[in-house]
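The values are calculated or read from the model by the stated rules, or taken from the named source; none is laboratory data. Just so it is clear, the structure is predicted and the values come from calculations on it, not from any experiment. Here the Cβ is made from the backbone with ideal geometry for all residues, glycine too, and neighbour counts use every protein chain on show.
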Amino acid sequence: MQRLAAELRHRELTQEIFDIGDEVAAYIENLVEAIEDYDAELVADCLAELDEIIADARHDARMISAELPGLRHALTSGLRAGVMSARTIPSDRENVAEPILLGAKELLEAHPVEGTPVVVAELKEALIQRTATTVAQLQHLVAWILDMAERTADDPENLNLGQACSRAAQIAHYAAQGWRIAVTEAHPGVARTMRGHKPPQFLNERARIDAIVAKVAARRRSNAAGAGAAS
């Protein structure tokens, strides 16, 4: 019975590692959608939300890392008896490389605006390319944090998901700040004309969920009022 409880707890903690990776990745994807819509204000909000999620993720990962290695060792010590199969890292696995820092300097150098006077069409194309480069960087970051979560589940004794989440926040902030400097602050007028062309999908999902929550709350209030009147 004790071993069964330990196995269930091991599975639970392993799943929590994947859940941490998924949640951090989801909020980075929200940031991507805000950038694709050229919405600097929403980008700032997404960064603030990401910071909150990262703080929770670091706390949860720290708690898991304190328990999982010992639990895993205790369970896998009986492998010769065929008690439990341990997760193993495939020998041919290719890990996702940690993204390098990419900011305003890199964006301006990679996608310069040349010539005087500046041709609006060329300027717009440069902003599109700077945005696409930032988005690609953040998508790489999503793949990396998901990979780090999987690798941590495979090897919880030698990998630290909490540190990886902190690094992800640093990379995301650097990329978003670089995009803001190179796009919305460098050419605010042109950037404003591009805003609203790709509304973030996560806002629609939030609105749908908020509507459901409000409807359920209203129904509960109505039922409570009806019960009160009947009594």
When Asn223 is run through (1) under 30 Å from Thr14 (Cα atoms); (2) part of a helix (DSSP H, G or I); (3) at pLDDT below 95, the failure sits at (1)
One residue from Leu71, Leu79 being over 30 Å from Val183 (Cβ atoms) and either at pLDDT 95 or above or in contact with a helix residue (DSSP H, G or I) (Cβ under 7 Å, 6 or more places away or on another chain) (or both): Leu71
Given the conditions (1) at pLDDT 90 or above; (2) more than 16 Å from Leu146 (Cα to Cα); (3) in a helix (DSSP H, G or I), every one holds for Glu16 apart from (2)
Could you list, in sequence order, the residues of segment 134-160 that are in contact with a helix residue (DSSP H, G or I) (Cβ under 6 Å, 6 or more places away or on another chain) and either of a type in the set (Val, Ile, Thr) or closer than 18 Å to Glu29 by Cβ (or both)? Thr134, Val135, Gln137, Leu138, Leu141, Val142, Ile145, Leu146, Met148, Ala149, Thr152
Which condition number in (1) outside any helix (DSSP H, G or I); (2) within 25 Å of Arg130 (Cα to Cα) is the one that Leu159 fails? (2)
